[in-house]
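Everything on this sheet refers to the single structure shown next.
The values are calculated or read from the model by the stated rules, or taken from the named source; none is laboratory data. It should be emphasised that the depicted structure is a prediction, and the values quoted were computed from it without experimental measurement. With ideal geometry, Cβ positions are generated from the backbone for all residues, glycine too; neighbour counts draw on all protein chains shown.
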Amino acid sequence: MISMRKFFVVLFILNLFGCNKAVNIDESESTKNSIVALHQRIDSVETDIKYPLIEKAKLIIENNATLHDTIKAEQDYLTGVYFAGKGNLDSASIYFQNATNYIKKGPLVKRHLNYFYWAWDTYLDKEEYGECIAINQKFKSLVKENNDDRLNSIAHSLDKNIYLKTKEFRKALESSSKQIAHLKKTGDTADIVSALISRTKILDDVYNDRAEVFKLLDSLTLYSKDYTPGINRLLYGQYGVHLFNEERYAEARDYYEQGLVFAKKIENPTTRRKRTSNIYNNLAEVCLELNRHEDAKAYLDTVYQMDIATLERRQQRAYLRHQLRLTANTNQDINKVLTVLDSLNTYQNRTYEEKYTKDLTALKIANENEKKLLSEKQEAEFKNFRLQAIMVIGLITAVLLALIGSLFYRQKKYSLERENLLTQQRLLRAQMNPHFTFNTLSVIGEMIDQSPRNAKNHLVKFSRLLASIFENSTFNYVLLEKELDALKEYMDLQKIRIKNGFNYEIEMNDVEPDLVYVPGMLLQPIIENSINHGFSGIDYSGQIKIHLNFQENLIHCEIEDNGKGLVNSSNSTKRTSSTQLISAFIEKITKTKFEVIDKKDTFEGVTGVIVKFSIPYKESMDD
Amino acid sequence: MIRAVIIDDEAYMHEEIKKRLLEFFPKDIAVVAEAENVANALDIITKFEPELIFLDVHLTDGTGFDVIEKSDFKDFNVIFITGYDTNAIKAIRVGALDYILKPIADDEFREAVQKAIESKSKETHLETLVSVSQGHYKGTDDQKIVLKTTDAVYALPQEDILYCQSDGNYTTVHTKEIGEILVSKHIKKIEELLPPQQFIRCHQSYIVNRQHVVKYSKQGYLLLQEGIQVPVSARRKDFVLKNIF
């Protein structure tokens with residue numbers, strides 16, 4: 001179904017306001033007056049002559065930063081009008097919207113209604129209804145302050161048209177009722193007429209109540225000679241659409257032709273072009289129904305010659321549809337339709353390209369401006385800074401120090417978290433070293449009287465061991481071989497303390513001790529437990545077996561002794577507490593279990609402890 | 001009788017050494033002079049022309065290396081004495097020189113002195129060896145390493161080494177300029193002497209000089225110049241790849 005989807009209520013009202021009226025400004029400055037005069041001229045001349053004038057006005061505005069927003073808004077609006085006249089809807093919509101952005105709170109000037117209407121209307125043409133809603137929202141918020149019936153009716157009218165586009169007919173009808181209610185208070189008959197005409201469309205679409213529709217339209221036609229061309233165009237055009245829907249094609253054609261006569265009388269060139277193209281399309285369609293192919297072709301050719309590429313999308317679609325139908329009906333060459341389609345595509349691509357290029361340029365300019373502003377700002381700040389007293393410098397220094405301090409603190413916090421595990425390990429070493437140092441020293445002390453030479457040898461060995469432990473402790477990871485060497489030296493030293501002595505063996509499965517690095521001093525405290533607690537007071541020779549087994553990413557360790565095993569005494573709790581730190585560390589860093597098995601729980605008649613755990617390793621000593 | 005001198009800035013060390021020499025080598029070695037600093041040391045070396053020197057690395061007015069460098073007379077064996085100073089120990093070992101650690105362990109002392117007595121020919125390369133050690137101790141740029149074979153002593157610039165290959169307790173050092181050198185040292189002892197940032201243990205039996213590596217082949221070896229292939233053990237592949245390029 002074809003219908004006139006555009007409504008001119010608002011436009012009509014705007015026409016009443018008069019587009020050529022000057023912008024209301026009080027300032028008497030000559031620049032202001034000259035630019036207002038220039039704007040008036042732009043508004044009144046043909047589209048093609050507008051451009052150089054717009055450029056001229058733009059220059060003046062750019063060189064007078066103090067000019068009031070109303071002038072900048074008018075400039076944007078006029079630029080929008082120019083682009084709309086050129087059929088460049090993308091640019092036009094942006095300029096119109098910019099113009100509305102200047103409108104702040106306060107009473108709405110009549111001229112400003114144009115800005116809102118055209119911004120709204122252009123987005124409607126582009127079928128970007130979200131933008132339409134946004135613009136109307138802003139408009140309504142301004143209307144609210146003014147509480148004016150006419151303005152309210154406009155707002156509802158805009159709502160109604162958006163609802164029609166989004167096919168929310170019930171809401172559209174509601175808005176239409178509100179619009180008419182407000183209009184009745186103003187007593188403006190012309191407005192009421194156009195509102196009623198547009199209402200017939202909704203009635204037809206939603207309720208199919210054509211009897212009511214025609215009744216209403218006939219009564220409106222009685223006063224036709226009192227209406228403006230815009231209203232009459234709407235009246236006859238819409239009448240035609242209803243007739244068309246009733247399949248009364250011949251009558252429809254008559255009404256369309258009368259509508260065309262009025263459309264051609266519309267003053268505003270952009271509107272005139274839109275309405276006439278619409279009505280030519282409608283005429284073409286009705287001629288197709290009447291099988292008047294020659295006439296249809298003539299109407300369509302007229303649309304084509306109106307520079308089809310710059311028409312509203314809706315009209316382009318209608319044209320293409322009718323042209324296709326005509327081609328099918330008359331067995332014409334399809335190539336003509338294709339040519340039109342191609343030219344439309346080319347045009348659209350070109351406008352998009354232009355738009356992107358413009359966007360890019362605008363972005364570049366904005367960037368440069370920003371940079372300029374920034375450098376100006378910095379310069380100003382620098383001058384300010386120099387003028388300030390030392391106190392201010394001191395203050396800045398304090399702030400900087402605080403900033404650095406907080407940064408330092410944050411960084412420290414992060415590295416602290418990372419270092420946490422390593423620190424724990426170092427703590428462990430620090431705890432263990434004195435423990436076994438004093439043990440060994442006391443042993444050597446006891447030996448001095450009985451066997452000074454042995455004592456001395458032990459002292460030398462002990463100093464070597466201390467040295468290697470000391471060296472290892474400066475790294476987080478030490479070569480496994482060195483670690484094992486230190487362990488052996490340690491165990492050799494401890495042997496003399498145990499009455500019946502003890503042996504040890506180190507077995508390695510798939511481990512390359514001279515190639516891998518492990519955290520130092522992880523095995524020592526477990527062996528120390530075996531010697532100090534497991535072997536204390538036993539009447540047989542002790543035995544320690546260390547088994548290392550290479551696994552993926554970890555080295556699995558088993559340390560087994562044949563000592564007393566875990567005893568429920570102070571010893572056992574001591575044993576637990578000294579390994580607790582190590583087990584916690586290992587479980588945290590390897591995510592594997594640290595197991596302590598008392599052999600007598602598993603094997604009858606056998607004593608001793610097996611400790612099973614895994615240690616991490618690396619292929620180099622760097623962390 | 002071998003004429004020996006002791007150069008150490010700590011008086012008690014003189015007693016420790018003399019006591020042990022008397023106990024273990026009463027007929028072989030006689031201490032003919034003693035000194036506490038570099039100046040006195042140079043004096044007594046010129047005066048007594050000793051065959052063996054016990055030389056402390058740290059002296060009050062310089063180092064043991066300085067003593068040998070400055071001395072005109074160099075026809076002697078030297079046993080360095082050092083405390084726990086990793087840099088000094090590594091410097092001595094890079095120069096393939098002998099040393100004993102403080103405090104002195106009897107067995108280590110006997111071994112070192114015995115070796116000095118048995119090496120009848122005096123250390124003819126002493127100057128070269130000490131300059132390598134000195135260079136390492138001071139951290140100069142063109143670092144060298146001393147490699148001793150049964151019939152030669154090489155002071156080799158480290159960058160000349162392509163790779164090292166282990167064969168039990170022997171290691172073959174493959175060089176760019178002078179071919180293969182067979183050293184009677186375990187590969188891990190060699191590894192300890194080489195800077196880890198430059199040399200990478202890519203395999204149980206191989207050390208490679210990363211600056212000569214051209215590429216890694218997925219078949220599990222590193223390709224060096226002139227098509228030399230050095231194997232990479234599967235387990236160390238990730239480590240090698242991470243560190244070599």
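Observations on the structure shown:
- Contacts under 6 angstrom Cβ, first residue in region B:228-245 being within 14 Å of chain A (Cβ to nearest Cβ), partner part of a helix (DSSP H, G or I) and crowded, with 19+ Cβ neighbours inside 10 Å, 6 or more apart: B:232/B:240
- Looking at region A:444-524, the strands (runs of 3 or more DSSP E) lying wholly inside it that each contain 2 or more residues that are in contact (Cβ under 8 Å) with a residue 40 or more places away in the chain, within 13 Å of chain B (Cβ to nearest Cβ) and on the phi < 0 side of the Ramachandran plot sit at A:477-479.
- Per-region count, region A:530-545, residues crowded, with 22+ Cβ neighbours inside 10 Å and part of a loop (DSSP other than H, G, I, E, B): 1
- Residue list for region B:60-99, filter: without any contact (Cβ under 8 Å) to a residue 40 or more places away in the chain and among the β-branched types (Val, Ile, Thr): B:79, B:82, B:86, B:89
- Where helices (runs of 4 or more DSSP H) fall entirely within region A:170-259, those with at least 1 residues that are closer than 20 Å to residue A:299 by Cβ are at A:229-245.
- When residues of region B:96-117 are limited to those that are among the small types (Gly, Ala, Ser) and in contact with a strand residue (DSSP E or B) (Cβ under 9 Å, 6 or more places away or on another chain), the one surrounded by the fewest Cβ atoms within 10 Å (Cβ to Cβ): B:112
- Complete set of residues in region B:209-227 that are of a type in the set (A, V, I, L, M, F, W, C) and within 14 Å of chain A (Cβ to nearest Cβ): none
- Residue in region B:145-168 that is more than 21 Å from residue B:91 (Cβ to Cβ), polar (S, T, N, Q), within 14 Å of another protein chain (Cβ to nearest Cβ) and in contact (Cβ under 8 Å) with a residue 24 or more places away in the chain present: yes
- Verdict on residue A:66 being outside any helix (DSSP H, G or I), among the β-branched types (Val, Ile, Thr) and surrounded by fewer than 16 Cβ atoms within 10 Å (Cβ to Cβ): yes
- One residue stands out among those in region B:82-95 that are more than 14 Å from chain A (Cβ to nearest Cβ) and of a type outside the set (Lys, Arg): the one that is surrounded by the fewest Cβ atoms within 10 Å (Cβ to Cβ), which is B:94.
- Residue B:115 passes every criterion in (1) within 14 Å of chain A (Cβ to nearest Cβ); (2) more than 18 Å from residue B:193 (Cα to Cα) apart from (1).
- Residue A:138 vs. criteria touching a residue at least 24 places away in the same chain (Cβ under 8 Å) and within 22 Å of residue A:69 (Cβ to Cβ): yes
Quick grid of which residues meet (1) basic (Lys, Arg); (2) touching a Lys or Arg at 6+ places or on another chain (Cβ under 8 Å); (3) at pLDDT 90 or above; (4) surrounded by fewer than 16 Cβ atoms within 10 Å (Cβ to Cβ):
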site	(1), (2), (3), (4)
B:204	no, no, no, yes
B:207	no, yes, yes, no
B:213	no, no, yes, no
B:219	no, no, no, yes
B:222	no, yes, yes, no
B:227	no, no, no, yes
B:233	no, no, no, no
B:236	yes, yes, no, no
B:240	no, no, no, no
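- Of all residues in region A:250-279, those satisfying the criterion of being within 18 Å of residue A:317 (Cα to Cα) and either free of Cβ contacts under 8 Å to residues at least 24 places away in the same chain or basic (Lys, Arg) (or both) are A:273, A:274, A:275.
- Filter result for residue B:200 (surrounded by 16 or more Cβ atoms within 10 Å (Cβ to Cβ), of a type in the set (Val, Ile, Thr) and facing another protein chain (nearest Cβ under 10 Å)): yes
- Against the test of being over 24 Å from residue A:310 (Cβ atoms) and in a helix (DSSP H, G or I), the options A:159, A:121 yield a single qualifying residue, A:159.
- In a residue-by-residue description of region B:169-189, the property of being among the aliphatic types (A, V, I, L, M) and under 14 Å from residue A:515 (Cα atoms) applies to at least one position.
- Within region B:184-193, the set of residues being out of contact with any helix residue (DSSP H, G or I) (no Cβ under 7 Å at 6 or more places or on another chain) and either of a type in the set (Ser, Thr, Tyr) or more than 11 Å from chain A (Cβ to nearest Cβ) (or both) comprises B:184, B:185, B:190.
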